[in-house]
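The structure appears right after this line, and notes come after that.
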Amino acid sequence: MEKLLELKDISKSYSGVQVLKGVNIDLQEGEILCFVGENGAGKSTLIKIISGAIQADGGTIKYFGKEYGRLHPRQVIDIGVATIYQDIDLVDNLTVADNIFLGQELRNKAGFIDAKEQERQSDELLGKLKLENIRGKNLLADLSTAQKQCVQIAKALKNNAKVLILDEPTASLGDKETKLLLELVKNLASQGMGIIYISHFIDELFEIGNTLLILKDGEQVVVRKTAETTPEQVIHDMIGRDADSFYKREYFPIGGRILRAEHYENKNTVHDVTFEIRSGEVFGFGGLVGAGRTELVRMIYGADHKRRGKLYIDDREITPANPKDAIRKGIFMISEDRKGEGLLNLRSVKENITVTHNERKEYINLHKESQMVENSIREFGIKVPGQDAEVTSLSGGNQQKAIIARCVLDPGEVYIFDEPTKGVDVGAKEEIYKHILKLAKADKFVIIISSDMPELLSMSDRIGVMHEGKLVDILDAENTTEDELMKKYLGY
């Protein structure tokens, strides 16, 4: 069989943090190679390198037996490698044929787009893929999500792709739609196409995959043949961490007050979620990307639209109408998107810490404000040259501490941390953990979302597991292992 792709010793770093190290893969003709790993394992970075979207810092890549240097995405497509990401990159108000030929339209002698010929060639291509239920004249908006994914694949094949990369293609699909897409992938492989497939659904990987590349923290753990392994072994390979490396938190008595979220749901990503938290408890939310964790807490905070859902402390309703109302009611949220939603990027450290506190005041005592900020800087150990320094001059960990300092400047009741230590160094992580626990110890309600399982297990009292928009289980963190948690994430 022909070797379609060959990667040797691929490495990549961002700002001194290594995200890929020494990755080696081969992709053969007709093979389905699956990339497996936790969130942040390096899967997406690797396919971006293969597709030319980013450049590796080290290592070599051979496409179809020939080694290339720096290539941009268009060149990689022309060589014969197509990448289809989870988000559908098509235009709803155009026909299927228009989408397939978008940017490469067929034109008649008069120079106008030849719509009939585009439809004919699209139908021929869709027929070869056994997609007779999709026609070139169909409006894309009338198709299901799975059918749109199939159109993306057809568009890739029009350009004579020999390698197809699929990143989480079934993340938003139901069982019936997933089956349709998986059958198409198997059919393409049987015709000699090489396929790289990424999915968090282990059963899918065993249904279609020939080979599994397992990544952890940017490093290649092992390459296994699916016929020679089990889902349990793969999950163990994905985790592979010593529990002794977890942060050892302080435990203290849980309070008697109750925070109750009732029947939260939106149109697509969260379905009828109800749960209770006791004051003084750190309640974690876990799940794979797309499970609905962030969407749920954003509705609780009032940042996103919901179909229904109410929030109570004991029997007092405190459902916020919007984030400003949430802050007024003592509900604070630290967003996962620190730069986009958490920081005032062109403003000083002082302004970033005091912005919500000062909104409530008609007059600002500048001397008291300066003292208050100095106390926050000292309490949170924020490394900064001065209060007036631009907040973007701080490291990621110090930026995060500044946001947390803002949230505790005024007394609150509910604190929601979405990926609180994302992009933060080890030393800053422990300082952030201490401040989160300080809130719980003060009898507050604390919610943490984290894609880092050791963090979730070591910081939480209980963990709510989200799967496909539903709260499927609530686990006692102290008596749960990473392997057990991953199985719950995957729906086992």
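The values are calculated or read from the model by the stated rules, or taken from the named source; none is laboratory data. Every value quoted in this text rests on a predicted model; they were computed, and no experiment measured them. Quick reminder, even Gly has a Cβ in these numbers, built from the backbone with ideal geometry, and neighbours come from all protein chains shown. Keep in mind that these areas ignore ligands, DNA and RNA; they rest on the heavy atoms of the full protein, side chains included. Shrake-Rupley method; radii C 1.70, N 1.55, O 1.52, S 1.80 Å.
Output the peptides 321-333, 179-191 sorted from most to least packed, where packing is the average of other Cβ atoms within 10 Å over each peptide's residues. List each step's numbers first, then the result.
On the way: 321-333: 17.9, 179-191: 16.2.
Packing proxy ranking, top to bottom: 321-333, 179-191.
Measuring with a 1.4 angstrom probe and ignoring ligands and nucleic acids, E359 comes out at about 130 Å² accessible. Binning at 10 angstrom from zero up to the longest distance, how are the C-alpha pair distances of region 174-237 distributed in percent? Histogramming region 174-237 at 10 Å steps yields 18, 52, 27, 3 percent. In the structure shown, the pairs K438/K488; K429/K488; K3/K109; K310/K422; K324/K368; K12/K306 are assessed against 31 Å; a Cα-Cα span above that value is assigned to K3/K109; K12/K306.
Using the average count of surrounding beta-carbon atoms within 10 Å as a protection proxy, the listed peptides 68-81, 155-168, 106-119 rank, highest first, as 155-168, 68-81, 106-119. Extending 7 Å from the Cα toward the beta-carbon at both S393 and T274 defines two label points whose distance is 5.3 nm. For region 364-457, the convex hull drawn through the C-alpha positions has a volume of 106 cubic angstrom per residue. Between A227 and F252, the modelled labels are 5.9 nm apart [label points 7 Å from Cα along Cα→Cβ].
In order along region 42-48, the Karplus-derived 3J(HN,Hα) couplings, from 6.51 cos²θ - 1.76 cosθ + 1.60 at θ = phi - 60°, round to x, 4, 5, 4, 5, 6, 5 Hz, and Gly and Pro are given as x.
Starting from the Cα-Cα distance between L344 and K158, subtract it from 0.36 nm times their residue separation and give me the gain in nm to one decimal.
62.4 nm
Per-residue ellipticity at 222 nm computed for the chain from its helices equals -10000 deg cm²/dmol, with DSSP H segments shorter than 4 residues left out and the rest contributing -39,500 (n - 2.57).
Cβ under 12 Å from S393's Cβ, S393 left aside: what net charge do those residues give with Lys, Arg +1 and Asp, Glu -1? Summing Lys/Arg as +1 and Asp/Glu as -1 gives 0. Each of H435, H271, H305 has its accessible area taken with a 1.4 Å probe; listed largest first, they run H305, H271, H435.
Entry note, region 111-184: relative contact order of 30 percent, from Cα contacts under 8 Å with a spacing of 6+ residues.
What FRET efficiency would be calculated for the residue pair K434, K487, taking the C-beta separation as r and a Förster radius of 22 Å, to the nearest 0.05? That gives a FRET efficiency of 0.10.
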